[in-house]
Amino acid sequence: AESVDLSKLSAAERARAIQRLADMLNALTQEERRQARLGREWEKWFAQMTDAEKAQFIEATMPTGFRQMIGAFEEMPAERRQKAISDALRGLREAQARMKAEGGAPAEGNAPLLTEEQQKQVATIGLKTFYSQSSAQTKAEMAPVLEEMQRMMESGQLVFGGGRRRGRD
């Protein structure tokens, strides 16, 4: 990511470079992916990508990341899985309460990296991967988190990526 400047590449070169980055990201372990995400070098690329390129990159990289998360979750001892679920529910409810207190707007932060459509794409890929790749036990354990997320989405209070809800910009 550091050695390539997307802005200087032709469309075909950009497509090859983005696919190569996706392949490299998919080859990383879960911990290496986390470190890469924290390093934020990928954000420069992502900011230079067109919406179509972003959609392709998301499609190419998200299933692997979700499969890794599911695998890590399923390898946890039962008590750690339950704590992770409790923490996730608490976090969702705290975010919902903060948003209500702030008039429905998500917390301020950096400009969103993903459009609303791309956020929906990530959620769809995540759910498809979750339902096709996780065990029945994991699905049962995660049901309360998914139900809370659904309630928040239906009320318009679940927003990904730090963006603002429509009509609040």
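The values are calculated or read from the model by the stated rules, or taken from the named source; none is laboratory data. Keep in mind it's a predicted model, so treat the numbers as computed, not measured. Virtual Cβ from ideal backbone geometry, glycine too; neighbours counted across all protein chains shown. Each accessible area value is taken on the protein alone, full model and side chains, heavy atoms only, with ligands, DNA and RNA left out. Shrake-Rupley method; radii C 1.70, N 1.55, O 1.52, S 1.80 Å.
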Name the single residue, out of those in the range 35-91 being modelled with pLDDT of 85 or more, in contact with a Phe, Trp or Tyr (Cβ under 8 Å, 6 or more places away or on another chain) and closer than 20 Å to Gln121 by Cβ, that is surrounded by the fewest Cβ atoms within 10 Å (Cβ to Cβ).
Met49
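Do we have any residue at all in the range 96-105 that's in contact with a helix residue (DSSP H, G or I) (Cβ under 8 Å, 6 or more places away or on another chain), farther than 26 Å from Phe130 by Cβ and in contact (Cβ under 8 Å) with a residue 12 or more places away in the chain? Break it down stepwise before answering.
Start the filter on the range 96-105 by keeping residues that are in contact with a helix residue (DSSP H, G or I) (Cβ under 8 Å, 6 or more places away or on another chain), which leaves 96, 105.
Still in the list and also farther than 26 Å from Phe130 by Cβ: 105.
From what's left, in contact (Cβ under 8 Å) with a residue 12 or more places away in the chain: 105.
Checked the range 96-105: at least one residue is in contact with a helix residue (DSSP H, G or I) (Cβ under 8 Å, 6 or more places away or on another chain), farther than 26 Å from Phe130 by Cβ and in contact (Cβ under 8 Å) with a residue 12 or more places away in the chain.
Just to be sure I understand, how many residues within the range 1-13 are within 23 Å of the chain's Cα centre (by Cα) and either modelled with pLDDT of 90 or more or open to solvent by 80 Å² or more (accessible area, probe 1.4 Å) (or both)?
Applying the first criterion (within 23 Å of the chain's Cα centre (by Cα)) to the range 1-13 yields 1-2, 6.
Of the ones still in play, those that are also either modelled with pLDDT of 90 or more or open to solvent by 80 Å² or more (accessible area, probe 1.4 Å) (or both) are 2.
Looking only at that region, the number is 1.
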Would you mind finding the one in Ala55, Ala27, Ala60, Ala72 that is among the aliphatic types (A, V, I, L, M) and free of Cβ contacts under 8 Å to residues at least 24 places away in the same chain?
Ala27
Take the range 31-54 and flag every residue that is part of a helix (DSSP H, G or I) and either in contact with a Pro (Cβ under 7 Å, 6 or more places away or on another chain) or over 15 Å from Ala17 (Cα atoms) (or both).
Glu31, Glu32, Arg33, Arg34, Gln35, Ala36, Arg37, Leu38, Gly39, Asp51
Among the residues of the range 120-147, how many are over 13 Å from Ile70 (Cβ atoms) and touching a Phe, Trp or Tyr at 6+ places or on another chain (Cβ under 6 Å)?
0
